[in-house]
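Since the structure comes first, as structure tokens, the remarks are kept for the end.
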Amino acid sequence: MELRICHLYPDLLNLYGDRGNLMALVHRAQWRGIDVRVEESRLGASPVPGAHDLYFMGGGEDRQQHLAAADLRERKREALLDAAGRGAVVLAVCGGYQLLGHYYRSAEGEELIGLGLLDVTTEHPGPQTRRLIGNIIVRSPWLGGRTLVGFENHGGRTRLGPSARPLGTVVTGFGNNGADRNEGAVSRNVYGTYLHGPLLPKNPALTDYLLTLALRSRHGPVALASLDDSLELAAHSAALVRATSRA
Ligand code: GLN
């Protein structure tokens, strides 16, 4: 079996070790004997529609998002719309998440039009407003109520529209906007979240869930062999303790 991953803007959108998410996906697939191919797609490049099973995009500050937004619409829209339509996985963190929504209004009031793959809008109330920063715990119905741990740092406040569902409910931390306890957004197999950390190494259940969806979109039903996750789960538990003690 083969997994084809497209890493969008690996140098431009890469805050707080977002690249570690790629490593978690690659290693957890390879440990099961799955061949993995990773293609990086930078500014100016257009991924070939249909060529990948999983797309990943990390976070970035407003300046990086400004650079990515137009390129995303002009060069990558076709591949990502096609991906969403055929059930391939798209995972985006923080600044990348904001650009999968309808728009992101930056701290300076600039409106960056997103891809609209997720029914969300994001507005940064301005440079004087408190940023939403810290360790976060989320409970996710997509993982049978299991917890996700991570680190968030954003000024943008995201609101879900009627056709997006949250990735989870905030247990500790801020999530989408610090008010409604929603964290992230899901629509078909498109996932957006504010969780850096990086997200996937400390949340192996989510990594395997996304790997399964991505493989299934091309190979049909698949069941991943279980792995020894003692290290990952110890990191998860330590993050739970840190986030809880902050609260
Ligand atoms: N610039 C965005 C915000 O502050 C995203 C930040 C990030 O990706 N960490 O809301």
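Could you list, in sequence order, all residues of the stretch 130-146 that are basic (Lys, Arg) and touching a strand residue (DSSP E or B) at 6+ places or on another chain (Cβ under 9 Å)?
Quick first cut of the stretch 130-146, residues basic (Lys, Arg) only: 130-131, 139, 146.
Scanning the stretch 130-146 gives ARG131, ARG139, ARG146.
Can you tell me which residue is farthest from the ligand (Cβ to nearest atom) among those in the stretch 29-88 that are within 16 Å of the chain's Cα centre (by Cα) and among the acidic types (Asp, Glu)?
Across the stretch 29-88, the extreme among qualifying residues is ASP53.
Those residues that are over 13 Å from LEU199 (Cα atoms) and within 16 Å of the ligand (Cβ to nearest atom), I need them from the stretch 135-152; list them, please.
If the condition is that a residue be over 13 Å from LEU199 (Cα atoms) and within 16 Å of the ligand (Cβ to nearest atom), then no residue fits.
Checking the condition over 20 Å from SER217 (Cβ atoms) and in contact with a Leu (Cβ under 8 Å, 6 or more places away or on another chain), which residue from GLY59, GLY44 passes? Give the steps one after another, and end with the answer.
Numbers: GLY44 fails: in contact with a Leu (Cβ under 8 Å, 6 or more places away or on another chain).
It is GLY59.
Within the stretch 171-189, track down each residue that is in contact with a Leu (Cβ under 6 Å, 6 or more places away or on another chain) and either more than 26 Å from ALA235 (Cα to Cα) or surrounded by 24 or more Cβ atoms within 10 Å (Cβ to Cβ) (or both).
Across the stretch 171-189, the qualifying residues are GLU183, GLY184, ALA185, SER187, ASN189.
Quick one: how many residues across the stretch 34-81 are without any contact (Cβ under 8 Å) to a residue 24 or more places away in the chain and farther than 22 Å from SER106 by Cα?
Of the residues in that region, 0 qualify.
Restricting to the stretch 156-213, count the residues that are under 23 Å from ALA29 (Cβ atoms) and not basic (Lys, Arg).
In the first step, residues of the stretch 156-213 are kept if they are under 23 Å from ALA29 (Cβ atoms); the result is 167, 184, 186, 188-193, 195-213.
When the remaining residues are screened for being not basic (Lys, Arg), the result is 167, 184, 186, 189-193, 195-201, 203-213.
Result for the stretch 156-213: 26.
Go through the residues of the stretch 200-214 one by one and say whether even a single one is among the small types (Gly, Ala, Ser), closer than 19 Å to GLY58 by Cα and in contact with a Phe, Trp or Tyr (Cβ under 8 Å, 6 or more places away or on another chain).
No, the stretch 200-214 has no match at all.
Among the residues of the stretch 19-38, is any at pLDDT 95 or above, within 17 Å of LEU80 (Cα to Cα) and touching a strand residue (DSSP E or B) at 6+ places or on another chain (Cβ under 6 Å)?
Taking the stretch 19-38 as the starting set, the residues that turn out to be at pLDDT 95 or above are 20-38.
Applying the additional criterion that residues be within 17 Å of LEU80 (Cα to Cα) yields 38.
Cutting the leftovers down to touching a strand residue (DSSP E or B) at 6+ places or on another chain (Cβ under 6 Å) gives us 38.
Checking the stretch 19-38: at least one residue is at pLDDT 95 or above, within 17 Å of LEU80 (Cα to Cα) and touching a strand residue (DSSP E or B) at 6+ places or on another chain (Cβ under 6 Å).
Looking at the stretch 111-131, which of its residues are out of contact with any Lys or Arg (no Cβ under 8 Å at 6 or more places or on another chain) and aliphatic (A, V, I, L, M)?
LEU117, LEU118
Got a number for residues in the stretch 93-124 being assigned to a strand (DSSP E or B) and buried (at least 24 other Cβ atoms within 10 Å of the Cβ)?
At the first step, the residues of the stretch 93-124 found to be assigned to a strand (DSSP E or B) are 93, 103-105, 111-113, 120-123.
Those left that are additionally buried (at least 24 other Cβ atoms within 10 Å of the Cβ): 93, 104, 120, 122.
So the count comes out to 4.
The values are calculated or read from the model by the stated rules, or taken from the named source; none is laboratory data. Because the structure is predicted, anything quoted here is derived from the model rather than measured. Backbone-built Cβ (ideal geometry, glycine too); neighbour counts: all protein chains shown.
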